[in-house]
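Okay, so here's the structure we're looking at.
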Amino acid sequence: MRIVSVNVNGIRSAAKKGFFDWMNRSDADVVCLQEVRANAEQLEALDGHHEGWHFALHEAEKPGYSGVAIYSRKKPKAIATGLKFPEFDSEGRYLEFQFDGLKVISLYLPSGSSGEVRQAAKYRFLDEFALHMDKLAKGKDDVVICGDWNIAHTPIDICNDKGNKRTSGFLPAERAWMTDVLTARGWTDAFRALYPDEEPQGYTWWSNRGKAYEKNVGWRIDYQIVTPGLAKSLEKSWVYKDEKFSDHAPLIVDYADA
């Protein structure tokens, strides 16, 4: 099974850059999108959208903001939208497809980069979402949470770790939260499980400033976080950079016998 996760930073913009053409030839079974920034009507108007895929969207109440989507070759048994966190459900940050023995989730975790108010909101989300992850882990299904987590976990996940110690996305409390998820709470970072050392770094996001993409001054903030059953089935993972659809690149993970 091949699962793709990508923050498209506006699906209408990504579509103009060939995203759906690539998605349709990617051999993916499930594709999770974040920061869709479009409603269902706008998506339906895009060429290549929905052809041969089962699809759902959790859109934000604010037009042109946030939003997550999932495309799947197989029809899900059920779809869950939102987390029953009123503060964040209005922003379109969580969508879950349920299959036989498997849940695939598209997550767009809040950013705190705009200032203290949003950083505080991010911490509230982290507190609530950790409890939700505990509930998922106790269930009978394997789970993969795909998405833009807006956290670079360790120094090898960011190009300039020393210069970003006070930057949202690499703050000590955020990184400690991720460590807790991956240790005490028993989840696995699929990419790092396969590639524990610095190379390949697996950067998935680059600033639009200062030719960061060309210089590979990046951050690894897009993850597929999995439960133990799926962790045992990991085959390979990579970041697709042959084409550029947004300021993020698609993270691809192949699972065996999943």
Looking at region 51-58, is at least one residue at pLDDT 95 or above and under 15 Å from the mean Cα position of the chain (by Cα)?
yes
Got a sec? Which strands (runs of 3 or more DSSP E) wholly within region 63-133 have at least 3 residues that are open to solvent by 10 Å² or more (accessible area, probe 1.4 Å), at pLDDT 95 or above and hydrophobic (A, V, I, L, M, F, W, C)?
78-81
Among 28, 14, which is open to solvent by less than 10 Å² (accessible area, probe 1.4 Å) and assigned to a loop (DSSP other than H, G, I, E, B)?
28
Top-ranked residue in region 217-258 [being part of a loop (DSSP other than H, G, I, E, B), open to solvent by less than 50 Å² (accessible area, probe 1.4 Å) and of a type outside the set (Gly, Ala, Ser); ranked as farthest from residue 19 (Cα to Cα)]:
227
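Can you spot a residue in region 24-35 that is over 21 Å from residue 253 (Cα atoms), of a type outside the set (Lys, Arg) and modelled with pLDDT of 95 or more? Before you say what the answer is, go through the steps one by one.
Within region 24-35, the subset over 21 Å from residue 253 (Cα atoms) is none.
Checked against the condition, which is being over 21 Å from residue 253 (Cα atoms), of a type outside the set (Lys, Arg) and modelled with pLDDT of 95 or more, region 24-35 yields no hits at all.
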Where the second residue is surrounded by 14 or more Cβ atoms within 10 Å (Cβ to Cβ) and of a type in the set (Val, Ile, Thr) and the first is more than 12 Å from residue 88 (Cβ to Cβ) and lies in region 116-130, which pairs have Cβ atoms under 7 Å and are six or more apart or on separate chains?
130/181
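The values are calculated or read from the model by the stated rules, or taken from the named source; none is laboratory data. All figures in this text were calculated on a predicted structure; none of them were measured in a lab. Glycine also receives a Cβ, built like all others from the backbone with ideal geometry; neighbour counts cover every protein chain displayed. Ligands, DNA and RNA are stripped out before the accessible areas are found, and what is left, the full protein with its side chains, is counted by its heavy atoms. Shrake-Rupley method; radii C 1.70, N 1.55, O 1.52, S 1.80 Å.
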